[in-house]
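Trainee: I'd like to ask you about the structure that follows.
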Amino acid sequence: MWENLDFGQAIEYAADPYASIRAWKNETGKKVVGSTLADVPEEVIYAFDILPVTLLGTHKPLRKAPSLLPDNACSLARSNLELALTYENDLFDGFVLPQVCDTTQHMCDIWRINFPDTYVESILLPRQVDRQSARYWVKEETMRLISSLSQWTGKSITPDDLKRSVAIHNENKRLLSELYQIKRRHPETITNKQLFSLLKLSMQVDKKELNESLKKIRDGLKSHSDGRNHVPVVLTGITCDPLEIFDLFDEIELNVVADTLVTGSRNLQGIVDEDKSDLVEALMERHFRRGFFSPIHDDVFKNVEALKALYKEYSAKAVVYVHIEFCESEEYDVPDLKVAMKKEGIPFHMLVTEYQTLSLSHVRTRLHAFFESLRESGR
Ligand code: SF4
């Protein structure tokens, strides 16, 4: 299904992967489990021969979610619930839902009530990772998830099942990192839209199949310009949606050389140490190696330090921040972030996105104006 994709098909599938997931499910007879962001150990789900799919919202109208979630719940949380309830309600056999912020606190119970005949499991991983107890907690939660999936499916997994799954997921992250590296140096060879579509799709379809496409895409890359006309930028936020935002970046010749998106580099940082004999321990350790993610963290300056470091390392000219409407976690961070970027003399541009609004005219105008003035100032 996904092993022979070129860039064009990958972009199409990334925009709406669900029809292809449904076809894959019918063909293979395997189960599909949806998860919201972030940090669900998908390797564990995959080891059970189940397809883990990260739910990344829908652009279709909200019909049921507004009566189930408060108006100020973030656009992503409302949109995900709508996607599962209305538009893809026959696709998912189960859900594994993390609690990452106040909005997602007990969200799992709302899903449980609304999907009474579906497997719904929660996973609660610590965000304050500097505590001694955090390591024990992550390992226990991972083992609890394994035992819950085992009870649901009536199957158990062997260390080899987990090893195979980890190897596929690691290979996916390595291949995507390789493509990212090529795009960073040669932005005319891989566009922002192409790379970030592949990154999104990799969180939603079978990685074993997608890895074949990634290898073919990598091996088929030809022209290598030096991207002299492109403006290198760092992208930050949780998600950058709709993917058409990347068309705007391509249009004005921005080159995303680094990012801290949960759906971008932060996902690629999730490589698990395959050589460890205890892979549950290795999965636990991965949780502590990942970079900054807005909701509740141990160090309030982590995002600022991460952005300063990336800006310097990749000689970027600006930081572009994508804010999901009503994401309260980001709303806590952003005033401090703006002040810090100003203090450091780092040009900073903020975009606000909302899953049900597809018109990007306001984003386009502001983005053009920001980068025009940046170019004129000779930076
Ligand atoms: S972190 Fe933000 S975007 Fe994610 S669920 Fe919480 S409020 Fe929504």
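Each value in this text was obtained by applying a stated rule to the coordinates, not by laboratory testing. Note that this is a predicted model, so its numbers are computed, not measured. Cβ placement follows ideal geometry from the backbone for every residue including glycine, while neighbour counts extend to all protein chains displayed.
Trainee: Report, in debye and to the nearest 20, how large the dipole of the chain comes out about its Cα centre when Lys and Arg carry +1 and Asp and Glu carry -1 on their Cβ. Display every interim value, and only then the final one.
Mentor: Details: 47 positive and 58 negative charges, 129 e Å.
Around 620 debye, computed over the chain.
Trainee: I've got another one for you. Charges at C-beta only: +1 for Lys and Arg, -1 for Asp and Glu. How large is the resulting dipole of region 1-111 about its Cα centre, in Debye rounded to 20?
Mentor: Details: 8 positive and 16 negative charges, 77 e Å.
I would put it at about 380 debye.
Trainee: Which of the listed residues, Ser156, Trp137, Phe196, is farthest toward the dipole's positive end in region 117-221, when Lys, Arg count +1 and Asp, Glu count -1 at the beta-carbon?
Mentor: Towards the positive end, the residue furthest out is Phe196.
Trainee: Would you mind estimating how fast region 231-331 diffuses translationally, via Stokes-Einstein at 37 °C and 0.692 mPa s with the Kirkwood radius over Cα pairs, in µm²/s?
Mentor: Details: Rh = 15.0 Å.
Approximately 220 µm²/s, per Stokes-Einstein.
Trainee: What is the helix-to-structure angle for 18-28, meaning the angle in degrees between its Cα long axis and the longest Cα principal axis of the chain, kept from 0 to 90 and rounded to the nearest 10?
Mentor: Once rounded, the angle reads 40 degrees.
Trainee: Using amide H atoms built 1.01 Å from N in the peptide plane, name the residues 5+ places from Leu261, or on other chains, whose amide H lies under 5 Å from its own.
Mentor: Long-range HN contacts for Leu261: Gly237, Arg266.
Trainee: Place a point 7 Å from the Cα of Lys30 along the Cα-to-Cβ direction; which residues of region 101-129 have their backbone N under 20 Å from it?
Mentor: Those under the cut-off are 119-121.
Trainee: Please tell me the relative contact order of the chain in percent, rounded to the nearest whole number, where contacts are Cα pairs under 8 Å and at least six residues apart.
Mentor: Details: 584 pairs, mean separation 73.5, N = 379.
After rounding, I find 19 percent.
Trainee: Add +1 for every Lys or Arg and -1 for every Asp or Glu among the other residues with Cβ under 15 Å from the Cβ of Trp111, and state the total. Spell out each step's value before the answer.
Mentor: Details: positive: Lys64, Arg78, Arg112; negative: Glu82, Glu88, Asp93, Asp109, Asp117, Glu121.
Around Trp111, the charge tally is -3.
Trainee: Oh, and also: Please report Lys31, Lys200, Lys276 as a ranked list, fewest other C-beta atoms within 10 angstrom at the top and most at the bottom. Can you show the working numbers first?
Mentor: Values: Lys31 18, Lys200 26, Lys276 14.
With the fewest neighbours first, Lys31, Lys200, Lys276 line up as Lys276, Lys31, Lys200.
Trainee: May I pose another question? Quick one: putting +1 on the C-beta of Lys and Arg, -1 on the C-beta of Asp and Glu, what dipole do you get for region 186-305 around its Cα centre, in Debye to the nearest 20?
Mentor: Details: 15 positive and 22 negative charges, 39 e Å.
It works out to roughly 180 debye.
Trainee: Next up: How big is the gap, in Å, between the Cα center of region 314-379 and the Cα center of region 56-110?
Mentor: Measuring centre to centre over Cα atoms gives 26 Å.
Trainee: Which semi-axis lengths, in whole Å and largest first, follow from the square roots of five times the eigenvalues of the Cα gyration tensor of the chain?
Mentor: Values: eigenvalues 201, 110, 95 Å².
Whole-Å semi-axes of the equivalent ellipsoid: 32, 23, 22.
Trainee: Something else about it: Going toward the positive end of the dipole of region 176-283, with +1 on Lys and Arg Cβ and -1 on Asp and Glu Cβ, which of Thr236, Ser177, Val205 do you reach last?
Mentor: Ser177
Trainee: Calculate the all-directions average of the projected area of region 1-144's alpha-carbon convex hull, and give it in nm². Write down the numbers at each step before the final one.
Mentor: Details: hull surface 40.0 nm².
It is 10.0 nm².
Trainee: Residue by residue through region 155-170, which ³J(HN,Hα) values in whole Hz follow from phi under the Karplus form 6.51 cos²θ - 1.76 cosθ + 1.60 (θ = phi - 60°), with glycine and proline marked x?
Mentor: Calculated HN-Hα couplings, in order: 10, 10, 10, 9, x, 5, 4, 5, 4, 4, 5, 4, 4, 5, 5, 5 Hz.
Trainee: Next question. Using only DSSP helix segments of four residues or longer, with each worth -39500 (n - 2.57), what per-residue ellipticity at 222 nm results for the chain after dividing by its residue count and rounding to 500? Each step should come with its number before you reach the end.
Mentor: Working: 16 runs with 187 residues, N = 379.
Rounded to the nearest 500, it is -15000 deg cm²/dmol.
Trainee: Hey, another quick one. Report, to the nearest 10°, how far helix 361-376 tilts away from the longest principal axis of the Cα atoms in the chain, using its own Cα long axis and a range of 0 to 90°.
Mentor: Between helix and principal axis, roughly 50 degrees.
Trainee: Can you list residues from other chains, or at least 5 along the same chain, whose modelled amide H is less than 5 Å from the amide H of Val231?
Mentor: Amide H neighbours of Val231: Leu254, Asn255.
Trainee: Kindly express, to the nearest 10 degrees and within the range 0 to 90, the angle between helix 302-313's C-alpha long axis and the longest C-alpha principal axis of the chain.
Mentor: The answer is roughly 50 degrees.
Trainee: With the dipole of the chain worked out from charges on the C-beta (+1 for Lys and Arg, -1 for Asp and Glu) around the Cα centre, which of Ile168, Pro187, Phe292 lies farthest toward the positive end?
Mentor: Pro187
Trainee: Tell me which residues come under 5 Å, amide H to amide H, from Tyr321 once H is placed; ignore anything under 5 positions away on its chain.
Mentor: Excluding prolines and chain starts, which carry no amide H, the hits are Thr236, His349, Met350, Leu351.
Trainee: Lysine pairs in region 223-376 with Cα distance under 28 Å, only those 8 or more apart or on different chains: how many are there?
Mentor: 15
Trainee: Also, quick follow-up: Give a residue-ordered list of calculated ³J(HN,Hα) values for region 56-70 (Karplus: 6.51 cos²θ - 1.76 cosθ + 1.60, θ = phi - 60°; whole Hz; x for Gly, Pro).
Mentor: These are the phi-based 3J(HN,Hα) values: 10, x, 9, 9, 6, x, 7, 10, 9, 4, x, 8, 10, 10, x Hz.
Trainee: Work out how much length Asp336 to His362 would gain on full extension: take 0.36 nm times their residue separation and subtract the Cα-Cα distance, in nm to one decimal.
Mentor: Working: separation 26, 0.36 × 26 = 9.36 nm, distance 2.44 nm.
Taking Asp336 through His362 to full extension adds about 6.9 nm, to one decimal.
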